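The values are calculated or read from the model by the stated rules, or taken from the named source; none is laboratory data. All figures in this text were calculated on a predicted structure; none of them were measured in a lab. FYI the Cβ positions are ideal-geometry reconstructions off the backbone, even for glycines, and counts take in every protein chain you see.
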Amino acid sequence: MATYAVIAAAIVLVLAAVNRLGSRPAKYGDLDTPRLRSLLELLYVRGLDGGYLHVAVIGSSQFLRVYKCIRGSEDVVLKAHIPQVTYAPLELERTEETLQAHGFAASIGGPGGAGNTDDLVVGCGPLISRAVVVTEFLLRDLLHLDPERECVAHIERAHPNPWSPPGFAAPPRL
């Protein structure tokens, strides 16, 4: 009888460890376009409301985040946020003009409570492909970074079980 109790306790510990590992944010040092797309798809499917993909510049305080905002069971949008510490050296007017010239609507702050009130927010809408284009544009053209060499990423506030996406998440729209 004691043997069964030891085996059951070992199984419970293994399952708890696997569940804990599944709740850790995934970190990637290689952000080529397919990897960025797969991270945004993962955020779209597994991210909770207010969950985000955090892309940080190695060796600096610069970063950007792509937030998931759930408005309804079939209405999910992604928004890219650039904090003030990242866009301040770029001159806000020039940054907004560059974004608008490429067809991206940008504003300071943003409704929905995600991020900070001084973030520069670029709406990506419900399409993952648009979120990929916006994120790459912000990294490569606006911040002049090479994401494959200078950035790392991880997802925060995602459902911990990779085999069970949240029931309220809409399927990804490419």
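Brief remarks on what is shown
- Any hit, region 71-82, residues being assigned to a helix (DSSP H, G or I), basic (Lys, Arg) and over 14 Å from the mean Cα position of the chain (by Cα): no
- Cβ-Cβ contacts under 6 Å between residues 6 or more apart (or on different chains), taken from a first residue in region 48-77 that is farther than 30 Å from residue 144 by Cα and without any contact (Cβ under 8 Å) to a residue 12 or more places away in the chain to a second residue that is β-branched (Val, Ile, Thr) and not in a loop (DSSP other than H, G, I, E, B), are absent.
- Candidates in region 68-81 are the residues that are out of contact with any Lys or Arg (no Cβ under 8 Å at 6 or more places or on another chain) and surrounded by 17 or more Cβ atoms within 10 Å (Cβ to Cβ); of these, the one that is farthest from residue 154 (Cα to Cα) is 70.
Rundown of residues vs (1) farther than 17 Å from residue 43 by Cβ; (2) exposed (fewer than 15 other Cβ atoms within 10 Å of the Cβ); (3) among the acidic types (Asp, Glu); (4) modelled with pLDDT of 85 or more, yes/no style:
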{"residue": "113", "(1), (2), (3), (4)": "yes, yes, no, no"}
{"residue": "116", "(1), (2), (3), (4)": "yes, yes, no, no"}
{"residue": "120", "(1), (2), (3), (4)": "yes, no, no, yes"}
{"residue": "129", "(1), (2), (3), (4)": "no, yes, no, yes"}
{"residue": "132", "(1), (2), (3), (4)": "no, no, no, yes"}
{"residue": "159", "(1), (2), (3), (4)": "no, no, no, no"}
